[in-house]
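Working notes, beginning with the structure itself.
The values are calculated or read from the model by the stated rules, or taken from the named source; none is laboratory data. Remember, it's a predicted structure, so these values are computed and weren't measured experimentally. Glycine gets a Cβ as well: all are built from the backbone with ideal geometry, and neighbour counts include every protein chain shown. Accessible surface areas use protein heavy atoms only, side chains included; no ligands, DNA or RNA. Shrake-Rupley method; radii C 1.70, N 1.55, O 1.52, S 1.80 Å.
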Amino acid sequence: MPEGDTIFRAARTLHRVLAGKEVTRFESVYPALTRIADDHPIVGRTIESVSARGKHLLIAFSGDLILRTHMRMNGSWHIYPAGARWQRPARDMRVLVGTCDAVAVGFNVPIAELLTARDLARHKEVQALGPDLLAEDTPFDRAEAIRRLRGRGRDAIADALLNQRVVAGIGNVFKSEILFLAGIDPFTPVSALSNAALDRLVDISRAQLAANVMSRSQTLSPAVGRRTTRSLDPREKLWVYGRSGKPCRRCGTAIRSKKTGLHARLTYWCAACQPADSTA
């Protein structure tokens with residue numbers, strides 16, 4: 001699943017290429033989008049901005065129209081020079097926005113809808129999001145993030161971090177990596193964690209997502225370059241994620257993994273570096 005840094009980076013790249021340009025081409029396989037585009041044509045409008053809100057990507061057009069997309073598990077946005085060959089088959093295209101010199105293609109994007117600013121302000125999913133760990137246009141509300149974490153007291157901290165209504169932007173990779181860096185057992189109930197531990201988690205979360213936005217600013221691919229270690233060795237990018245059974249990079253203990261939560265996502269951890277009583 002694309003994580004907050006991937007969506008943020010995609011939005012930044014799309015904004016750099018598309019903002020201020022006139023739309024010359026708009027296509028979608030979704031009838032609901034094409035109906036609106038027929039009644040309120042997208043072609044001829046100016047792309048005002050591309051931004052991220054949590055894991056939602058928003059393309060704002062002139063005339064009060066916004067394209068909201070969500071990647072879910074397999075969606076992605078690609079940007080190509082006009083006329084360039086796509087890296088994915090055309091059958092995977094779900095929505096396309098083109099200008100005179102570039103084309104943005106949403107591949108396997110499962111959620112796409114056109115909204116007015118008023119619709120977006122009332123949108124249940126968007127408005128329910130917790131504080132955005134990568135927010136640029138508004139100050140990050142640390143107190144609200146901690147309050148929402150505390151509100152999930154019975155949840156395992158790993159599940160709470162994935163809940164976009166608590167804090168927006170963390171996905172499965174960063175969940176495991178952040179908890180390793182904090183030295184916290186993933187299955188510790190939120191209620192058992194001290195305020196200092198939650199503060200540390202928030203700090204690490206923001207630092208890791210921001211660092212990965214900066215280090216991968218030239219690519220839209222979520223698979224390229226994500227790194228939480230300081231190692232320059234491309235084989236040592238991550239501390240624990242995807243390393244079940246392999247020795248911990250710090251202590252040598254075998255990394256463990258377990259499926260948890262509603263969607264049975266894998267959590268990775270080091271039992272020695274993240275002891276079960278890690279509540280401080």
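Pick from segment 228-251 the residues that are surrounded by 19 or more Cβ atoms within 10 Å (Cβ to Cβ) and under 28 Å from G130 (Cβ atoms): which of them is modelled with the lowest pLDDT?
T228
When segment 33-55 is examined, which residues are found to be within 27 Å of R91 (Cβ to Cβ), among the basic types (K, R) and in contact (Cβ under 8 Å) with a residue 40 or more places away in the chain?
K55 - this is the single residue of segment 33-55 that is within 27 Å of R91 (Cβ to Cβ), among the basic types (K, R) and in contact (Cβ under 8 Å) with a residue 40 or more places away in the chain.
Against the definition (in a helix (DSSP H, G or I), under 20 Å from P41 (Cα atoms) and open to solvent by 10 Å² or more (accessible area, probe 1.4 Å)), how does L114 come out, yes or no?
no
Determine if segment 93-108 includes at least one residue that is more than 20 Å from I204 (Cβ to Cβ), open to solvent by 60 Å² or more (accessible area, probe 1.4 Å) and at pLDDT 95 or above.
Yes, that holds for at least one residue.
Can you confirm whether segment 65-72 contains a residue that is under 22 Å from V173 (Cβ atoms), surrounded by fewer than 18 Cβ atoms within 10 Å (Cβ to Cβ) and not aromatic (F, W, Y)?
Looking through segment 65-72, at least one residue is under 22 Å from V173 (Cβ atoms), surrounded by fewer than 18 Cβ atoms within 10 Å (Cβ to Cβ) and not aromatic (F, W, Y).
Would you mind finding the one in I59, I42, I47, I36 that is open to solvent by less than 10 Å² (accessible area, probe 1.4 Å), not in a strand (DSSP E or B) and not polar (S, T, N, Q)?
Working: I59 fails: not in a strand (DSSP E or B); I47 fails: not in a strand (DSSP E or B); I36 fails: open to solvent by less than 10 Å² (accessible area, probe 1.4 Å).
Being open to solvent by less than 10 Å² (accessible area, probe 1.4 Å), not in a strand (DSSP E or B) and not polar (S, T, N, Q) holds for just one of I59, I42, I47, I36, which is I42.
In this structure, does A158 turn out to be hydrophobic (A, V, I, L, M, F, W, C) and over 19 Å from D5 (Cβ atoms)?
no
Which one of these does V29 not meet: (1) within 18 Å of R94 (Cα to Cα); (2) open to solvent by less than 10 Å² (accessible area, probe 1.4 Å); (3) among the aliphatic types (A, V, I, L, M)?
Among (1) within 18 Å of R94 (Cα to Cα); (2) open to solvent by less than 10 Å² (accessible area, probe 1.4 Å); (3) among the aliphatic types (A, V, I, L, M), the lone unmet condition for V29 is (2).
If you go through segment 117-135, how many residues are small (G, A, S) and open to solvent by less than 40 Å² (accessible area, probe 1.4 Å)?
Total satisfying the criteria: 3.
Please go through segment 255-271 and give me each residue that is surrounded by 14 or more Cβ atoms within 10 Å (Cβ to Cβ) and at pLDDT 85 or above, ordered by number.
I255, R256, S257, K258, R265, L266, T267, Y268, W269, C270, A271
I need the full set of residues from segment 1-26 which are acidic (D, E) and either open to solvent by less than 70 Å² (accessible area, probe 1.4 Å) or closer than 30 Å to L266 by Cα (or both), in order please.
E3, D5, listed by residue number.
What tally of residues in segment 95-117 results from selecting those that are of a type outside the set (A, V, I, L, M) and free of Cβ contacts under 8 Å to residues at least 40 places away in the same chain? Spell out how you get there, then give the answer.
Going residue by residue through segment 95-117, those that are of a type outside the set (A, V, I, L, M) are 98-101, 106-108, 110, 113, 116.
Subsequent filtering for residues that are free of Cβ contacts under 8 Å to residues at least 40 places away in the same chain retains 106-108.
Result for segment 95-117: 3.
Give me the pairs, please: first residue somewhere in segment 17-32 and hydrophobic (A, V, I, L, M, F, W, C), second residue anywhere and in a helix (DSSP H, G or I) and at pLDDT below 95, beta-carbon distance under 6 Å, and either six or more positions apart or on two chains.
Here the result reads F26/A37, each pair linking segment 17-32 to a residue that is in a helix (DSSP H, G or I) and at pLDDT below 95.
With the requirement that a residue be open to solvent by 10 Å² or more (accessible area, probe 1.4 Å) and either outside any helix (DSSP H, G or I) or within 24 Å of W269 (Cα to Cα) (or both), what does segment 136-147 give you? Show your work before the answer.
Filtering segment 136-147 for residues open to solvent by 10 Å² or more (accessible area, probe 1.4 Å) gives 136-144, 146-147.
Listed by number, the residues that qualify are E136, D137, T138, P139, F140, D141, I146.
Look through D92, D132, D185, D159 and report the one residue that is touching a residue at least 60 places away in the same chain (Cβ under 8 Å) and more than 19 Å from K55 (Cβ to Cβ).
Only one candidate qualifies: D185.
Across segment 153-183, what is the number of residues that are out of contact with any strand residue (DSSP E or B) (no Cβ under 9 Å at 6 or more places or on another chain) and either over 21 Å from D132 (Cα atoms) or open to solvent by 50 Å² or more (accessible area, probe 1.4 Å) (or both)?
The qualifying residues number 2.
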